Amino acid sequence: MNPSEIKRLRTESILKELIPEALANLDDENLKNLCVVDVECKKGRYDAFVYLDKMFFNTHEQEKILNTLKKASKALQNYCMSEQGWYRCPNFHFKFDDRLEYQNHMDALFEKIKKEKNES
């Protein structure tokens, strides 16, 4: 593993811990309880994609939360920079995580294929 890859992974790991802390410090109750599932930094660490647990939010609530997060993004970045002593923090792009849903859907399809194969 090369040094830039190690730095990227370290940044992801740190952000996975810091972002929930930063959210908890905000005054918005909807944001305080958000669960960060994963953080993915792109090469160069200028952008960080923050995946959130959908929990029980409907589409309208998700949109509202994403808009609020966009407005709070600078405050979240400032929190991360002051906690880590960084002079620069990646730009956050928040998304609700569809990957688990997708995985469950794929598992169900494979199970269905297996069942149909066994029946024939």
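Quick one: N118 ticks every box in (1) out of contact with any helix residue (DSSP H, G or I) (no Cβ under 8 Å at 6 or more places or on another chain); (2) open to solvent by less than 90 Å² (accessible area, probe 1.4 Å) except a single one, so which number is it?
For N118, the failing item is (2).
Select from the range 34-90 the residues that are open to solvent by less than 50 Å² (accessible area, probe 1.4 Å) and on the phi > 0 side of the Ramachandran plot and list them in ascending order.
Matches in the range 34-90: G44 only.
Restricting the first residue to the range 52-64 and requiring it to be farther than 14 Å from E29 by Cβ and modelled with pLDDT of 90 or more, which pairs with a second residue that is outside any helix (DSSP H, G or I) and among the polar types (S, T, N, Q) meet a Cβ separation below 9 Å and a spacing of at least six or different chains?
Matching pairs, first to second residue: none at all.
Please indicate, with yes or no, whether at least one residue in the range 96-104 is in contact with a Phe, Trp or Tyr (Cβ under 6 Å, 6 or more places away or on another chain), in contact (Cβ under 8 Å) with a residue 24 or more places away in the chain and acidic (D, E). Full working, then the answer.
Start the filter on the range 96-104 by keeping residues that are in contact with a Phe, Trp or Tyr (Cβ under 6 Å, 6 or more places away or on another chain), which leaves 97.
With in contact (Cβ under 8 Å) with a residue 24 or more places away in the chain added as a condition, the list becomes 97.
If we keep only those that are acidic (D, E) too, we end up with 97.
Yes.
The values are calculated or read from the model by the stated rules, or taken from the named source; none is laboratory data. Keep in mind that what you see is a predicted model, and the values were worked out from it rather than measured. Cβ atoms come from the backbone with ideal geometry, glycine included; neighbour counts cover every protein chain shown. Calculation scope for accessible area: heavy atoms of the full protein, side chains included, ligands and nucleic acids excluded. Shrake-Rupley method; radii C 1.70, N 1.55, O 1.52, S 1.80 Å.
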